[in-house]
Structure formats: structure tokens, C-alpha cells
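Please read the structure below before turning to the comments.
The values are calculated or read from the model by the stated rules, or taken from the named source; none is laboratory data. Note that the structure is a prediction, hence the values are computed from the model and not measured. Cβ placement follows ideal geometry from the backbone for every residue including glycine, while neighbour counts extend to all protein chains displayed. What goes into the accessible areas is simple: the full protein's heavy atoms, side chains included, and nothing from ligands, DNA or RNA. Shrake-Rupley method; radii C 1.70, N 1.55, O 1.52, S 1.80 Å.
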2 protein chains.
Amino acid sequence: MDRGKLRLRQLEALMAVSDHGSITNAATELGISQPAVSRLLSDLGDSLGFSLFDRKKGQMIPSQEVRFLQPDIRRVLELMRQISDVSQEITKRRAGHIRIACLPGFATNHLPEIVAAFLKERPGVSMTIEPDRPERILEWMIGEQYDFGITDGFAGHPAVESTNLEIRTVCVFPAGHPFNSLDVITPADMATENIIHTRRDSEFFSQLSKAFQTENATFNSLLEIRQFTAACELVCQGTGIAVVSELDAVKYTNQGLDFRPFAPTLPHRLSLVRPITQQPSMVTLEFMELFADSLQSFLIET
Amino acid sequence: MDRGKLRLRQLEALMAVSDHGSITNAATELGISQPAVSRLLSDLGDSLGFSLFDRKKGQMIPSQEVRFLQPDIRRVLELMRQISDVSQEITKRRAGHIRIACLPGFATNHLPEIVAAFLKERPGVSMTIEPDRPERILEWMIGEQYDFGITDGFAGHPAVESTNLEIRTVCVFPAGHPFNSLDVITPADMATENIIHTRRDSEFFSQLSKAFQTENATFNSLLEIRQFTAACELVCQGTGIAVVSELDAVKYTNQGLDFRPFAPTLPHRLSLVRPITQQPSMVTLEFMELFADSLQSFLIET
DNA sequence: GCAAAATATAATATAATGTTATAATAATAT
DNA sequence: ATATTATTATAACATTATATTATATTTTGC
């Protein structure tokens, strides 16, 4: 009776006939010939072991048994259609989920625009963005908790693949400050100013202080912060001046902040990282590429 | 890229490999050869347009994209299994839903035992039992609201198919009553008793009163009720005596009620009805048969 | 680099799914 | 009722999906 397994096509035929009242209509609907549907149904009837339809004035009325099964059958067909649709979206890099860990600065600053533009084009895609300290970001990559990380001061790790970028840095100062008459700002120019800078144990700080030492300029440390964005905020307030990545500086130009290139050229080393063991999804790869591109205009030319 | 439709077998293979870590294991699990699985996957990969697995030390790790689809895929496979299982139950007449409309007496009296036994054997079957007056039961049959009806005084209707049964009737009296010395009770015997009977406009009442008239016996009407069970209750209380269907009488023998055959033989005409337009499901047919059988020993032999 | 294991490919058989042509059946009109 | 028409079933056959076995190619672990 029922040795044959249920086949999807049979269920499709069943529902088409249920919904359109006749085998002929169902065949038209499915875009196949009438005998094809006829046979699908007779096969299904054989394997189910009960009659599928009762005839009533030329209408095919689903039997009680079929009506009992219909909700589940509809659900299966609907789900198959959905899987198919979502696959299409995925193929077009428009569906999936991306988990990003980034420096707190990026979570509020550059990243949101990129993310917004990316998601707008891809209705099925969702994201998790987790801002945290570089150490944690590294841990997350190693533990494969996140697909993509944006960090700095990355020293390399066997489980993490990284792309290292050198962002231009600039000296930022309040809009009315005399520095706005200069084209380039050097340590010597800054010798009389109060300086807001990153932590003393950061790589960027040691580069900066070395530049001052080389030129024998005084370094008036006023304030130690962790993030460039915080420095910019303080510079806006007139608290002091700072050397920060141009990426951060540009966001504050309409908030009473001005900036000029800093000489010598000091790179702000950013790292785009991902777990090496895990093959990234194609949406992730696309996002990583888009993000790297978005930084292109801020890179130090080599 | 993706002209081919998704096939169920491909999804099965995908999940088997996901769950068992290798194509070889998946093949064993599915009970087919390794190359078969290999090709199902490669076909699926072609039609989906993204890679399905990453290799990691001989383990096949589902890609991000696949992991994204897995919940839906599992749901589809689970549903297919379920549909298949339920079909089996239906084939074995063990699943479905039966809607029964019956006289109120049956809802509490004979029907529950039958229903209980029937459902016990068929875990997937559910029922709706709606007790109501004969007029409503008829309406429900015509409107195809119910699959099966138990009624009386049914005069026939073009939209309703019926099986008519004649149930034996007996005279019921309180256990200690002098009637218990008699083998058969006649109208003459009852002439001095107060009688509880059905409505004057019922077919059964007219039969009963005609029997009294034929024998020139006095008919002392005490109380008019609708249901035989109500009459039995009152007889137990010593309110009077009655002629009721044996079916009802037997239920009260352990509640202080006794009964003897009534002569002449008066049939209680029951009708088992169903909508003629609607092909009954096979569980329904089976139940109808079982129910008819359960009445067999109460029928007037012909 | 080599042996063992796992996977992919090729050639081919069988079952599923489609086709067209035609017979059988049910519904409707004369 | 009988003829007409519409619908469904069946037969013969083509194509595609799914399996097989045999064999080549990778990958993994030492």
C-alpha cells in the first residue's frame, strides 16, 4: 500500500487540485499536462491508502482525510518556497547575519553610515555590532564569536587573519585657533599647547612622543584618553589640542573643530580582523570589502 | 546558476552531512552510496549558488549561509515526516476528526462508552460531540456541519442518508415494585399506575397511547418529559412508571430501577444519519459501523 | 612525502516526472 | 434516453532525478 515515500511534487499536485477544483485547472496552474497531474494524484492515493477526492458535479472536493492534512501540507510547501527565496537572497548577497566586533569609536562614528548603506541594499541581512576594547575583540575572533572585527594595536595571532591599514593622522584644534593659518602642523608648533592624547602604553602615543623628541619639542601632556573621538570632543570644548586619525577629525568639522595635517606623518594603524579557521560567509566578505573601501580615502599613500 | 528547483532529497542530504560531519557518514545514515550524496550536494550547491561546506580537518562544517537556512530546512523535513506519519495513522483509521451530533440522552448515556473504546484504539483521532434536539441535528446534517448524527423521529430528507433502527422498549419501575413478579407488562397491568411519558406530539407517545386504547386500558398521564433518561431518573425516585427504550433502562438497573418487557412490542425508532452530499471519511464510516453494532443487542428481531 | 581516508567523477541502471495520443467516464443539452 | 461536450484515466514513450559500481583525485595525519 504505502511502500513509496511521499514526494513533494505529489503534495503540490494535491493542493493545486484542492485549490482549483479540477485536475485540468490544476495542471494549467502548475504549467504541466493534465495526465501528469492525474498520475501524481493516483500515485499519491496509492501510497497514502485512502481516497483523496470526492466528485461533486464535476468539482473535485478534497476528502475529509485530505482536509485533515491540508494545513501541514500547506506549511511544507510554504516553507520550501521560503527556503528557495531566502537562498536567492543569499546568492545575491542580500540575506544572512553578520556579527561585528569593533572599537567603541567606530560603533558610533564611521561604521553606522557604512552599515546603513549596506543593509539598505540587502533587506534580508541582519547584523550584530558589539563595541569593545581591542583585547576583547581579539578574544572574540579567536573564539569565533564574531565574523569581523575592527581594532587597533593588533600584534598578530595565529588564529586571526588581519588586514592592516594606515590611516592618516591630523592635528585637531578649535575652529578659531591661530593654527588655521598653517598648512601643516609640527611638534614645534604644538610645543606651547596643552595636548590631549591616547594612553601612554599605546603604540600611537609612543610614536607621537618620539616625533616630539626627534624635534626637541616640549610635549605638554594635559589629558590621557582612550578614544580619538573623546579627544575631539574635548578639543571642541577648547580644553586642548590633539593628534587624531583624520577619520575621526572630519566628523567634528561642523561642531567647531578644525584640523591640519600633522608632520611628520604618523600612521594610525587599524586592523580589520576575522577568525582564520572559519570561512566567512559571502555577505561578510562583501561587507569587509565595502568597509575596507570606505577607508580608502583616509589611507596613507605608499 | 539557480534554474533548478530545490529538491527534498538535496535538503535531506545537506542536513545529513551537516549532522554527521562527513559525506561518507551521511551516506551510511541515509542508506545510500557515498557518490550519491556527493552529487546531491554538488547539484544543490550549483542551484543555490554558494558553497555549502568548509572543510576543517576532515570535518564538513556547514557554511554560514547553510547555517542560516538550517532551521527552516529542519522544519520542512520534520513536517514531511509528520505528514507521512499522520497519513499512516489515517490509513490505519487512527487519525482524523469526527463531528457527531446526537440526542442529549446519548451524549451522557450509551455514546460515551463507545467513543471511549473507539478513541482508545486510535490515538490520532479527535471528536466533537454536540447534543441537541432532533430538529437541530437534522439542520446540522443538511448544512454538513457534522459528520454523523443520532436522532429519533426522523421522517426522511433528500440531503440526509439514514439508517433506521428499532430499539426494544420496556416498562421501567422502582426495584421493589410488585411488577417484578411479572414476566411481561401490558397496558392493563399499568392501568392503575401513574405514567411518565414523552411529549404528546412525539411518535412514540402516539404508539404507546394507541396500545392502551387497543386494550381498553386507562392511561394515567402524570408527567410529560422529553428524554427517556429523565423518565428513568423519575422512576427511580418512585414518581411513577414509564415505557422507555431498553437501552436507557439497563443503565439504571444499579440505581434502584427494574424493568420487564412491554407487550405489545413498541419500537423506539432511532435514526443514524449523515449528510448525503459529503463522502464520509473512513474513520467516520468505521465509527458509524461500530456504533450501529453496539446497538445490535437492543434491536427488535425481525 | 607517503599511506589511508574521504571525496569527486564517469559510466550506467532504475525510478520519477514529464510529454502526446487516445480511451473512458461524467455532466449537460437536445 | 441519446448525443455532445468536458473531464479524467490510460498507454507509449522521452527526459530528468537518483541511485549504482568502478575509479580518479584530494585531503589528512604521520
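Among all the lysines, which ones have a C-alpha under 27 Å from B:Lys251's C-alpha, if same-chain residues fewer than 8 places away are not counted?
Once the sequence-local lysines are set aside, what remains near B:Lys251 is B:Lys120.
Counting partner chain Cβ atoms within 10 Å of every residue's Cβ in A:68-78, what's the average?
4
Where the label is 7 Å out from Cα toward Cβ, how close does A:Thr277 come to the same position in every other copy, in nm, shortest first?
6.7
Beyond 35 Å, how much of the Cα-Cα pair distribution for chain B remains, as a whole percent?
Here the tail beyond 35 Å accounts for 47 percent of pairs.
Find the relative contact order for the stretch A:42-118 and round it to a whole percent, using C-alpha pairs within less than 8 Å whose residues are 6+ positions apart.
With pairs under 8 Å counted, the relative contact order is 12 percent.
What residue among A:Pro174, A:Pro35, A:Pro158 shows peak mean-square fluctuation when chain A is described by a Gaussian network model with Cα springs under 10 Å?
Sorting by GNM fluctuation, first place goes to A:Pro35.
Would you list A:Lys92, B:Lys251 from the most to the least accessible area, probe 1.4 Å?
The ranking, largest first, comes out as A:Lys92, B:Lys251.
Roughly how crowded by other chains is peptide B:49-56, in terms of the mean Cβ count from those chains within 10 Å of each of its Cβ atoms?
Partner-chain Cβ atoms within 10 Å, mean over residues of B:49-56: 3.
Taking the Cα centre as origin and putting +1 on Lys and Arg beta-carbons and -1 on Asp and Glu beta-carbons, what dipole magnitude results for chain A, to the nearest 20 debye?
Computed charge dipole of chain A: roughly 1440 debye.
Before we go on, tell me the buried accessible area for the B/A pair, both chains summed, 1.4 Å probe, in Å² to the nearest 100.
The contact between A and B buries close to 3700 Å².
Let's test the formula: R0 of 30 Å, r as the Cβ-Cβ distance of A:Asn194 and A:Ile300. What FRET efficiency results, to the nearest 0.05?
0.65
Compute and list, largest first, the equivalent-ellipsoid semi-axes of the stretch B:66-187 from the alpha carbon gyration tensor, each √(5λ) rounded to a whole angstrom.
Computed over the stretch B:66-187, the values are 46, 20, 11 Å.
When the helices in chain A are scored as -39500 (n - 2.57) per DSSP H run of 4 or longer and the sum is shared across all residues, what 222 nm value do you end up with, to the nearest 500 deg cm²/dmol?
Mean residue ellipticity at 222 nm (helix-derived): -13500 deg cm²/dmol.
Once the label point is set 7 Å along the Cα-to-beta-carbon vector, what list of distances in nm do you get between A:Ala175 and its counterparts in the other copies?
Spelled out, the distances from A:Ala175's label point are 10.5 nm.
Give, rounded to the nearest 20 debye, the magnitude of the charge dipole that the stretch B:8-91 has about its Cα centre when Lys and Arg contribute +1 at Cβ and Asp and Glu contribute -1 at Cβ.
That gives the stretch B:8-91 a dipole magnitude of about 320 debye.
For A:Arg136, tell me the accessible area in Å² from a 1.4 Å probe, rounded to the nearest 10.
The accessible area of A:Arg136 comes to roughly 80 Å².
Give the accessible area for A:Cys171 in Å² (nearest 10); use a 1.4 Å probe, count only protein heavy atoms, and leave out ligands, DNA and RNA.
The accessible area of A:Cys171 comes to roughly 0 Å².
Note the full-extension length gain between B:Asn216 and B:Glu144 as 0.36 nm times their separation in residues minus their Cα-Cα distance, in nm to one decimal.
Difference between extended and current length: 21.3 nm.
Might you report the magnitude of the Cβ-based charge dipole of the protein assembly as shown about its Cα centre, with Lys and Arg at +1 and Asp and Glu at -1, to the nearest 20 debye?
For this selection, approximately 940 debye.
With every protein chain left in place, what is the accessible area of A:Tyr252 in Å² (1.4 Å probe, nearest 10)?
20 Å²
Along Cα→Cβ at 7 Å, what distances in nm separate the A:Ala159 label point from those on the other copies, shortest first?
When each copy's label point is compared with this one, the spacings are 7.2 nm.
Defining a contact as two alpha carbons under 8 Å apart and six or more residues distant in sequence, what relative contact order in percent does the stretch B:177-302 show?
27 percent
Sorted by accessible area (1.4 Å probe), largest first, how do A:Ile225, B:Ile61 line up?
B:Ile61, A:Ile225
Return a whole-number percent for the relative contact order of chain B, with Cα pairs under 8 Å and 6 or more residues apart as the contact set.
Once divided by the residue count of chain B, the mean separation gives 19 percent.
If each of A:Ala116 and B:Glu113 carries a label point 7 Å out from its Cα toward its Cβ, how far apart are those two points in nm?
7.7 nm
Of B:Gly240, B:Ala175, B:Ile185, which is farthest along the charge dipole of the stretch B:169-266 in the positive direction, counting Lys and Arg as +1 and Asp and Glu as -1 at C-beta?
The listed residue farthest towards the positive side: B:Gly240.
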